[in-house]
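Take a look at the structure below.
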Amino acid sequence: MANKKYSKKYWRETFQAYLFLLPSFIVLGIFIFWPIGFSLVLSFFKWDYTSVDRYFNGLENYKELFRLSYPISLNFIYATVNTIAYILGTIILVRFLYYIASSFTKYYKPSRKFLLPYLITLFLWITMIISKNIWPEEVFSWYHFIIALALIAISGGLIFKKNKDEHLNIMRSRSWTTLILVILFFVFTFTILVPSGDDLVTYFTLAKESSDFIKATYNTIYYVLLAVPSQIAIALVVALLLNKKIKLRSLFRTAYFIPFVTSVVALSLVWQWMFNDQFGLINYFLSWFGIDKIAWLKEEQWTIPTIAIVSVWQHLGYTAVIFLAGLQSIDRSYYEAARVDGANNWQQFKYITWPLLSPTTFFVLIITMIGSFKVFSQIFILYQGFPGPVNQSGLTLVYYVFEKFYNEQRMGVASAGAYILFLIILGLTFIQFRIGRKRIHYES
Amino acid sequence: MKNSTKSLSQIFIYLLIIAGAFVMLIPFAWMVDTSFKASSEVSTWPPKWTTKNAKSKIDFQLQIQYRTSGGLDLSTLSLDQFKNFASLIGETTGANTLVLKLNDDTIRRGTITIGILQDSDSASPDDYSLDPKTNEYQAIIDKYQEYKTTFPETYKESLDVETGSPSVFLENFFDISEYRSDAFARRIVLSSSLETLFFKSGSSFKNIVENSLRPFPIDDDETKQIKENLKNEINDIVAPLLNILSQNATDIRTYRRGSDVLIELTELDKIIHMVESTLEEAKDKKEDIHKAFDDIVSSDNRQLMIASKNISNAFDNNIITPLQEWSNLLNLYYFVKDYYKDIQTEVLSSAFVKGKIRTDKEVYQVLLDKLEKWESSEPVKQYIRNNLKPGNVRKAQNILLTYLNGEFNSEIEEYFSDSKETSELISDTINLLKSTALIIEDSEFNNKIRDTMSNNPKYDEFTKLFQEAGNRSGQSVVFSANINKLDNLLNVINENTLMNFISMRWKQTSWIGTFAKIHSDALSELEIIEKPEEIEAVYYRGRNNIAGTKSFEIKFKDIAAVWFRDSFVKGFAEFTFLETMANLWQNYVSAWNAAPFGRYYANTVFVAVVTTILEIIFASMAAFAFAKMDFFGKNFIFTLFLATMMVPGEVLLVPNFITLTVFGWIDTYYALIVPWVISVFAIFLIRQHFMTIPNELYDAAKIDGLSKWKFLWRIMVPLSKPAIITGALLKFVGSWNAFLWVLIVTKSPEYRTLPVGLQNFSSATGTEYNFLMAAATFSIIPVVILFLVTQKYFIAGISRSGLK
């Protein structure tokens, strides 16, 4: 085995190894590596499959994806700036909360130097909210714009200047609470405090009616936000339950896992029948609780939730099994030690299970997200070959690519759309790896 | 204390887990449950978990039909046959056949019992009459003749019916009075017609009075005064009548609803009384109006004389005549109905007729027997005898049609290069003639057609007949065009040859017609087990067709079916154990036959097996290179391979499709197999396992002179069974379930796999969820079983993917 580097024998073995790898090279080369490049090239060409000639038209295909068929009342840059201002502002406000809280403690007194910038931020924030409520100019207003920029400048400065202080330590140690607080604050801001709506969410809500691709992106993100957290949360609960000492464990595991191995077409048909608004089982169960019949498959607002329910149900077992494997790889002795120290169940979960499970959680997060971004078949079957019942309410990114490619035969636009999907997935993977490396507790 | 909390929490955990498993499995349970249901049970609210298909006895609903064009059921015809349908309709259902429509799920097998009962409460058999022409009947006919000219306008024309015998008269009379959509004995029709009558007659009379007595500018004061007086007088006179009319209009509405579609006789009595008393009242008022005219208008005032005449006429036309007409009509209906009830003095000897639906084998035997008596040529019979089997007996008509068409075309081919067009022209000609005979319902002309055609007519004789048919049916343009086309054929062949073709086709269509009748009867006649002696035979029509109406035809011996229109019919079917089983699995059979699922299955298995085998071979090779060999660029290539797992296949859809198009692989097995034979995950999985095999083994093998290739297959692969089985299973299941790719690269059913086939079936089937669920069930069963048997490998593989 251990040949000398670059000896004759080494090169012979290299040749042999490449022979062993030849089939893989050929197939992967033709069906993965070549298309990745070809797809990129294709996305710069105008090519309707029916006509023979194709010609280069630069970024036209990409521009077309984002072209609005009619203008909307909100400016994109303005909305972006506002959104950044809201996010940074809420982070600083949450920090301020921690600042106030820690100043009441005995031992973790925060440093006084933070008070002034926090007060300035708060002042700017309040000014912004009040002025936006007095002059709700959605379109664009220099006055609002400048306040938002100032807010970004001061809060951004505070965040990126890596300070060390007691209240910041407390905040970092309670990352979940912080995260929830920030999200709550943010949602509170753009739903209640600024009723006119001038952030990116509003922008995309308006823009999606004007561009199919934006609609597809919007729907996909909505779907991901709905499906991924619920799938991970439920799967974790299931895995924790299955990890207990229970009888017939493998039988239960089978029950949870079966949907994953069955055809998505058959399952979507079954769910189409379950969701039937007149005679479906779901509405029957709901009727036990006095809920009126819901037209699951016929109303715009239920489209994405319906698809999410079906996919969560189908992939739950898979995720749970991965979690289960992660749980079983945790050394029992940690729990024994914790029990000796008198830790209760919740504490055991919080201080042992959750941190030690984090590599698995992280992996699950990546694959469920990637899987969710590729949602297609369920929609195709549930809505009988249409992207949703009305108004393309079930149009997702893959569906968009499929539609452009298969039904309209516009290869260039389809490739451009596919490439954007590819970039989104790559970007997500990248971000998760970056964050993951920092936050995840790897067992040494 | 601590123990009890512990066991409590244990119970809680079990509850949660069981509830979760329940949620996970309920869609499957519902799928399987629905797949066994009868069509009518699918759409029920609240949903039920039981099905009648599992029962050994099923009640079914029947509905008595009035006229039908039956005798032979059109529902059994294919499109091809339908084109020739004129030739198939020989005779209409005889007057002796009672047709009962099956208002329920299709019955496919079993023993049928039908009860013809007096009424819904008792089990006593229904009564009938032997069609005597008694004095009562004469009285009815006299009354009918008397009233005939004075029926309301809507019914005047249609009520001109034959009076030859009681049953014929009743059949026609009930058709118009009870069966048609505008039949006046229907509650809704009767009440709304009378309501309109009552409502409109008063108000339109009032308008006419108003118009006739309007003061003109040229009138002198005296005339104006007279007009005013007259108007007041008339209004005073008719005011009570108008009140009665509007009261009636309100009262009649109460008859809209009732237990039966038809009005009951007791109610009818009240309505007749209402109409008649109003009529009496109106006649009285007419007298009064005349008196008022005589009192007020002097005979020398011409203007007022005309006005009074107008008013008097209006009173007649708007109030008295319509009331009189309706009174006549309803009276007659009442008498006829009464007579119909009274005259039925005979009683069926027993209420129930019981018979068994023939199996295909029995139908085959019966058909062979009947074939002997069928009037046609011996070669045709021989051909059918040779080709008919119990398996294809339901398609016997197609066998005959194909054969006859082939024969005819081969004859024509001798003369014409475009034989298809010519044969279609001749067939069209004959169909036109036959349709005409059907449409114009003139028995004399029908006979003429039949006689002429069966006596080998000359060509000009035929054209003359054809032209006449064209003129009679009002389609002379079409017919002339056809003749012109036929004349064109004479450029190629002479008149005699053409006429031979026409006669031949005529004969063939007649054979098709008679054979269709024989076939339909053989298929639908029940094997009678017990019956009242008055019944001759029972047919179950429409069973050859999955969709379409089904009906039972009960043929009586010399008793008109009209006497049983007033009976209460009900039926039930009984099944043996085997038949119940067949019923239970019927949806599966129907779904399987509704689409080429056999082909889909074969494709799926083939593609999945080949893909899996190739994948294992290639993955083992690659894994061996990565695990046990040392070569240039190893780490880089391995990382590159692993990176491809991040590339979503959906993104590469477009370029891969183009590649396959260039290769010419669209709609081939290559497209379904080749792109999927490399799985980086399997390479990774197997490599990890290969790494655990000690290198000493490898060195020892090398010393023994085993080549790398042989070492891989003889030692490494057998030692790594778990990893390889895991990789193979994941690939097999993935391949079995693949959808989007198969959807894109296949266009014809020959290469489709189950998921795409199922999707296609679902868009064709729509919302018949019992069939859909049956198809879904049998398309996932193999994979589910495979999973249940090998699940430890699955779980191992999946768990492995989570642990890096």
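Some values worked out for this structure:
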read-out: Odd one out for B:Ala643 among (1) outside any helix (DSSP H, G or I); (2) within 13 Å of chain A (Cβ to nearest Cβ); value: (1)
read-out: Of the criteria (1) open to solvent by 60 Å² or more (accessible area, probe 1.4 Å); (2) without any contact (Cβ under 8 Å) to a residue 12 or more places away in the chain, which one A:Val261 fails; value: (1)
read-out: Matching residues in segment A:315-357 - criterion: being surrounded by 13 or more Cβ atoms within 10 Å (Cβ to Cβ) and part of a loop (DSSP other than H, G, I, E, B); value: A:Ser329, A:Ile330, A:Ala343
read-out: One residue from B:Ile252, B:Ile319, B:Ile311 being surrounded by 14 or more Cβ atoms within 10 Å (Cβ to Cβ) and over 16 Å from B:Lys206 (Cβ atoms); value: B:Ile252
read-out: Residue count, segment B:138-149 (criterion: surrounded by 14 or more Cβ atoms within 10 Å (Cβ to Cβ) and either within 9 Å of B:Glu325 (Cβ to Cβ) or hydroxyl-bearing (Ser, Thr, Tyr) (or both)); value: 2
read-out: Some residue of segment B:719-733 being assigned to a helix (DSSP H, G or I), under 41 Å from the mean Cα position of the chain (by Cα), at pLDDT 90 or above and not β-branched (Val, Ile, Thr); value: yes
read-out: Candidates B:Lys381, B:Lys434 - the one that is open to solvent by less than 40 Å² (accessible area, probe 1.4 Å) and modelled with pLDDT of 85 or more; value: B:Lys381
read-out: Segment B:408-426: number of residues that are touching a residue at least 12 places away in the same chain (Cβ under 8 Å) and either surrounded by fewer than 19 Cβ atoms within 10 Å (Cβ to Cβ) or not small (Gly, Ala, Ser) (or both); value: 9
read-out: Counted residues, segment B:647-692 - those being more than 19 Å from B:Thr611 (Cα to Cα), open to solvent by 10 Å² or more (accessible area, probe 1.4 Å) and more than 11 Å from chain A (Cβ to nearest Cβ); value: 6
read-out: Looking only at segment A:272-293, and only at residues there that are more than 9 Å from chain B (Cβ to nearest Cβ) and under 22 Å from B:Gln759 (Cα atoms), the one that is surrounded by the most Cβ atoms within 10 Å (Cβ to Cβ); value: A:Phe275
read-out: Some residue of segment A:13-22 being open to solvent by 30 Å² or more (accessible area, probe 1.4 Å), under 30 Å from A:Phe405 (Cβ atoms) and either outside any loop (DSSP other than H, G, I, E, B) or touching a Gly at 6+ places or on another chain (Cβ under 7 Å) (or both); value: no
read-out: Filter result for the condition that a residue is without any contact (Cβ under 8 Å) to a residue 12 or more places away in the chain and open to solvent by less than 50 Å² (accessible area, probe 1.4 Å), over A:Ser173, A:Ser141; value: A:Ser141
read-out: Matching residues in segment A:294-312 - criterion: being out of contact with any Leu (no Cβ under 8 Å at 6 or more places or on another chain) and open to solvent by 10 Å² or more (accessible area, probe 1.4 Å); value: A:Ala295, A:Trp296, A:Lys298, A:Glu299, A:Glu300, A:Gln301, A:Trp302, A:Ile309, A:Val312
read-out: Criterion (touching a helix residue (DSSP H, G or I) at 6+ places or on another chain (Cβ under 8 Å), of a type in the set (A, V, I, L, M, F, W, C) and on the phi < 0 side of the Ramachandran plot) met by exactly one of A:Val340, A:Val312; value: A:Val312
read-out: Pairs with Cβ under 9 Å, 6+ apart, first in segment A:367-389 and away from chain B (no Cβ under 11 Å), second in a loop (DSSP other than H, G, I, E, B) and among the acidic types (Asp, Glu); value: A:Pro389/A:Glu299
read-out: Which listed residue is within 13 Å of chain B (Cβ to nearest Cβ) and either in a helix (DSSP H, G or I) or at pLDDT 90 or above (or both), from A:Leu267, A:Leu225; value: A:Leu267
read-out: Residue satisfying condition, being open to solvent by 20 Å² or more (accessible area, probe 1.4 Å), at pLDDT 85 or above and within 11 Å of another protein chain (Cβ to nearest Cβ), within set A:Ile30, A:Ile77, A:Ile91, A:Ile87; value: A:Ile30
read-out: Selection from segment B:656-712 of residues that are more than 52 Å from the chain's Cα centre (by Cα) and more than 21 Å from B:Ala623 (Cα to Cα); value: B:Ile703, B:Asp704, B:Gly705
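Here's the yes/no breakdown for (1) buried (at least 24 other Cβ atoms within 10 Å of the Cβ); (2) within 9 Å of chain A (Cβ to nearest Cβ):
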position: B:Asp704; (1), (2): no, no
position: B:Lys708; (1), (2): no, yes
position: B:Val717; (1), (2): no, no
position: B:Tyr751; (1), (2): no, no
position: B:Leu754; (1), (2): yes, yes
position: B:Thr765; (1), (2): no, no
position: B:Val783; (1), (2): no, yes
position: B:Thr790; (1), (2): no, no
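To keep it simple, each residue is scored yes or no on (1) open to solvent by less than 50 Å² (accessible area, probe 1.4 Å); (2) of a type outside the set (D, E, K, R); (3) out of contact with any helix residue (DSSP H, G or I) (no Cβ under 7 Å at 6 or more places or on another chain).
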| site | (1), (2), (3) |
| --- | --- |
| B:Asn447 | no, yes, yes |
| B:Tyr459 | yes, yes, no |
| B:Arg472 | no, no, no |
| B:Ser476 | yes, yes, no |
| B:Ile493 | yes, yes, yes |
| B:Ile502 | yes, yes, no |
| B:Gln508 | yes, yes, no |
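The values are calculated or read from the model by the stated rules, or taken from the named source; none is laboratory data. Since we're looking at a predicted model, the values are computed, not measured. Backbone-built Cβ (ideal geometry, glycine too); neighbour counts: all protein chains shown. For the accessible areas, the whole protein counts, side chains as well, though only heavy atoms, and no ligand, DNA or RNA atoms are used. Shrake-Rupley method; radii C 1.70, N 1.55, O 1.52, S 1.80 Å.
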